[in-house]
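One structure is given here, and the rest of the page talks about it.
The values are calculated or read from the model by the stated rules, or taken from the named source; none is laboratory data. Values in this document were obtained by computation on a predicted structure and should not be read as measured data. Cβ: placed from backbone, ideal geometry, glycine included. Neighbour counts: every protein chain shown. Just so you know, the surface numbers come from the protein's heavy atoms only, side chains and all, with ligands and any DNA or RNA stripped out. Shrake-Rupley method; radii C 1.70, N 1.55, O 1.52, S 1.80 Å.
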Protein chains: 2
Amino acid sequence: MAIIVQKYGGSSVGTVEKIKAIAKTVTDRKNSGDSMVVVVSAMGDTTDELIDIANKVTSSPDKRELDALLSTGEMRSAALLAMAIKSLGCDAVSYTAYQINIKTSGQFGKSLIDDINVDKIKKSLDEGKIVIAAGFQGINEDGDITTLGRGGSDTTAVAIAVKLNGLCEIYTDVDGIYSVDPREHKDASKLYEIDYEEMLELSSLGAQVMHPRSIELAQKYSIPIYVGLSNSKIRGTIIKEESNMNMENKPVTGIATSDEDIAVTVKDIDGNINLISNLFENIANKKINIDMISQTAPINNKINISFTIPKIDLEECLNILKEHCDIKSQVDIDEDITKFSIVGIGMKTTSGVAARMFKLFRENNIEVKMITTSEIRVTCAIKHEDKLRTVKIVANEFNL
Amino acid sequence: MAIIVQKYGGSSVGTVEKIKAIAKTVTDRKNSGDSMVVVVSAMGDTTDELIDIANKVTSSPDKRELDALLSTGEMRSAALLAMAIKSLGCDAVSYTAYQINIKTSGQFGKSLIDDINVDKIKKSLDEGKIVIAAGFQGINEDGDITTLGRGGSDTTAVAIAVKLNGLCEIYTDVDGIYSVDPREHKDASKLYEIDYEEMLELSSLGAQVMHPRSIELAQKYSIPIYVGLSNSKIRGTIIKEESNMNMENKPVTGIATSDEDIAVTVKDIDGNINLISNLFENIANKKINIDMISQTAPINNKINISFTIPKIDLEECLNILKEHCDIKSQVDIDEDITKFSIVGIGMKTTSGVAARMFKLFRENNIEVKMITTSEIRVTCAIKHEDKLRTVKIVANEFNL
């Protein structure tokens, strides 16, 4: 008899029929002897629809109020799933972030979970109830409703699993983690196991399956996560500690691509380390996630500096730049950026992986605009038009 | 500089454009020097739509979960209005029932407000913010979300006004209280003032403008309520203490009709007071609101007893009756019931009002199925088909 924390994503609870099907699955699992906690996302496209309404009210919705608005999507699906389960004769109770004290800190729209008081959940489980928790949300120390960022329900589920010392299962509309997004490469192979670090790199780099912070949290507390298709027997993927028994030692485990970023280049600024660090600090203070950075060698003590940021943060970033330089003359925006990454624990021990990739790029005339690397990852910024071609070439080279 | 507590109903916040218009009105009022608290209902038909979804999930949705579901409608409109106000350059903050500690007791779906901790509201007002509160909802002592019943946002507004010692203004889609529903009688006249008791009778009897409990609460604490059309200069109605200066002393102030009830007749049961009081106690315990009661004189110690209940409570009521008598043989249901009421403080001092009405009924061949009276009201159950004819005849007789 284990404690199971399941999370169902928006597409898995997108219709009344799907909610009823999940109610049946969860109830069957409970009747087989497990204690069940279920974290739900908002139904289907609810979050996007709410953002649309907010944008109709005002072009720049207040962030506190936007979070208050968005949090209602998950509350609704939690209440509906609890009803559906109760109608099957199994006791259930839905909880909002307030009710189970999901404490958060940090900015609205991308807050972090500090703690969850699981006493109420434990009590309900002891009473034989299935607990449904609204994902994606928390309450900060001012008592405001906050949200955890897109995909944040994954983090809610992992955090609850950590606190309950339970098993975590993430159900979604894909049947596991693939080496390459199957929409980009139809021959992609499924990974039945993947290491936390690899998964973290892949999900941070744009593989949409999991919320990166949920992987970090699971890794920190060594909670394995199962990722699979909702209401299906198809075997999914387990995300867990690196296996020492990995005999194969493939250098590259997966490919991730992302079209969500743009490159910003600031030209001819003083090559003054104070100025530059100050600039990046101000950007970081706004919680804008700078990813790739490259800097030219100084000419007459003037440098060019390029970096990528999420498209949605462009306006805020430009405001910060305005305080540092005359924006019209000195800032270039390149929107034709696809981030292409290869990831693999094997890179730690296999040299020449990046070299193999760049050779392929050269042979196939793929332009590389920027490069960053980590111990287990190489990321290049390439043109949108080269994306699918690059995926195919690299997937074939590394047998993905 | 007064504290104004305004409430805007669902049709007043039914679209983004309406929300923006209200934001403007509220901001202008605030800029003119008043401290503003705004209570909002769910947008348009949101509540009905949520009930529909719940009914698709299960034919009898769990009441705790239904309340959790419905409460999200008001949260959304509160957040959207706060955004709209902030976009006009005026500071604003939205609060859910949790955040301002609206404590409730009683049953889900029709809970009562016990108290509101207005410290947070006062602090925000002191900081110059416009406070937007989600209406219709509260939190019970178990920490569950409850709702106050249809129209409950009125009660939220009055309760906040009571606690802040503020003025209360209810904005809706009608421009005030009429002696008769203008949809039923086009010559109805508007009442610029009405006494709490009269309004309470009218709203309890089916005049949909105000939530009856909001009137009781306002009366208890002598808070006058202004009722008017949203975003309009048309003079509305003030609900307040009976005016001693009322020279006119009209016996009848208004007419109310309701098609929401049905009559239940239990036949040939023992005329045993214990049995009967026990029956009504059980019905009351389920918070089913029995309105009109009539009982025949006993024959062989057997009596017939009739009463009206809201249509929606029929099933629950029949379950209770099953425990008391063999339902098939002994219970009659009459669905062809319109409750027709005349209300007026003047009835206290003018005799023969009921007699005048019954004479009219006799002359016009209007069948009366049941009768109840109070000090300031006479209610008859008549046939649906006689409703509009009766309204016209009685309105003419009493000059409404």
Name the single residue that is modelled with the lowest pLDDT among those in region A:241-254 being open to solvent by 10 Å² or more (accessible area, probe 1.4 Å) and touching a strand residue (DSSP E or B) at 6+ places or on another chain (Cβ under 8 Å).
A:S243
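Tell me, yes or no, whether region B:155-163 has at least one residue that is assigned to a loop (DSSP other than H, G, I, E, B) and touching a helix residue (DSSP H, G or I) at 6+ places or on another chain (Cβ under 9 Å).
Initial filter on region B:155-163 (assigned to a loop (DSSP other than H, G, I, E, B)): none.
Among the residues of region B:155-163, not one is assigned to a loop (DSSP other than H, G, I, E, B) and touching a helix residue (DSSP H, G or I) at 6+ places or on another chain (Cβ under 9 Å), which makes the answer no.
If I ask for residues that are away from every other protein chain (no Cβ under 14 Å) and part of a helix (DSSP H, G or I), which ones from region A:1-25 would you list?
Step one: of region A:1-25, the residues away from every other protein chain (no Cβ under 14 Å) are A:1-12, A:25.
Hits for region A:1-25 are A:G10, A:S11, A:S12, A:T25.
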Taking region A:44-72, which residues are open to solvent by 40 Å² or more (accessible area, probe 1.4 Å) and either among the basic types (K, R) or within 29 Å of A:G166 (Cα to Cα) (or both)?
A:K56, A:K63
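Please determine whether any residue of region B:46-62 is closer than 23 Å to B:V93 by Cβ and under 26 Å from the mean Cα position of the chain (by Cα). Break it down into steps so the answer makes sense when it comes.
So the first thing to find is which residues in region B:46-62 are closer than 23 Å to B:V93 by Cβ, and the list is B:46.
From what is left, the residues that are under 26 Å from the mean Cα position of the chain (by Cα) are B:46.
The answer is yes, given that some residue of region B:46-62 is closer than 23 Å to B:V93 by Cβ and under 26 Å from the mean Cα position of the chain (by Cα).
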Look at region B:97-109 and say how many of its residues are open to solvent by 30 Å² or more (accessible area, probe 1.4 Å) and closer than 18 Å to B:V39 by Cβ.
3
On the given criteria, is B:V180 surrounded by 19 or more Cβ atoms within 10 Å (Cβ to Cβ), of a type in the set (A, V, I, L, M), closer than 24 Å to B:K20 by Cα and not assigned by TED's automatic domain parsing to the domain that holds B:V39?
no
Name the pairs: first residue in region B:157-172 and more than 18 Å from B:T96 (Cα to Cα), second residue polar (S, T, N, Q) and in a helix (DSSP H, G or I), Cβ to Cβ under 6 Å, at least 6 apart or on different chains?
B:Y171/B:S12
Checking B:I290 against (1) over 20 Å from B:M370 (Cα atoms); (2) without any contact (Cβ under 8 Å) to a residue 40 or more places away in the chain; (3) β-branched (V, I, T), which single condition isn't satisfied?
(1)
Matching residues, region B:147-184, being of a type in the set (S, T, Y) and either away from every other protein chain (no Cβ under 13 Å) or at positive phi (or both):
B:S153, B:T155, B:T156, B:Y171, B:T172, B:Y178, B:S179
Out of the residues in region A:32-54 meeting the condition of being without any contact (Cβ under 8 Å) to a residue 12 or more places away in the chain and of a type in the set (D, E, K, R), tell me which one is farthest from the other protein chains (Cβ to nearest Cβ).
A:D48
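In the list A:K302, A:K311, A:K339, which residue meets the criterion of being within 19 Å of A:I262 (Cβ to Cβ) and open to solvent by 70 Å² or more (accessible area, probe 1.4 Å)? Before you say what the answer is, go through the steps one by one.
Working: A:K302 fails: within 19 Å of A:I262 (Cβ to Cβ); A:K339 fails: open to solvent by 70 Å² or more (accessible area, probe 1.4 Å).
Checking each option against the conditions leaves just A:K311.
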Conditions (1) among the small types (G, A, S); (2) out of contact with any Asp or Glu (no Cβ under 6 Å at 6 or more places or on another chain); (3) open to solvent by less than 40 Å² (accessible area, probe 1.4 Å) -> A:S32 fails only (3)
Single unsatisfied condition, B:D28 versus (1) in contact with a helix residue (DSSP H, G or I) (Cβ under 8 Å, 6 or more places away or on another chain); (2) free of Cβ contacts under 8 Å to residues at least 12 places away in the same chain; (3) more than 13 Å from every other protein chain (Cβ to nearest Cβ)
(1)
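Determine which member of the set A:T104, A:T146, A:T155 is under 30 Å from A:V252 (Cβ atoms) and assigned by TED's automatic domain parsing to the domain that holds A:D62. Before you say what the answer is, go through the steps one by one.
On the way: A:T104 fails: under 30 Å from A:V252 (Cβ atoms); A:T146 fails: under 30 Å from A:V252 (Cβ atoms).
One residue alone meets the criteria, A:T155.
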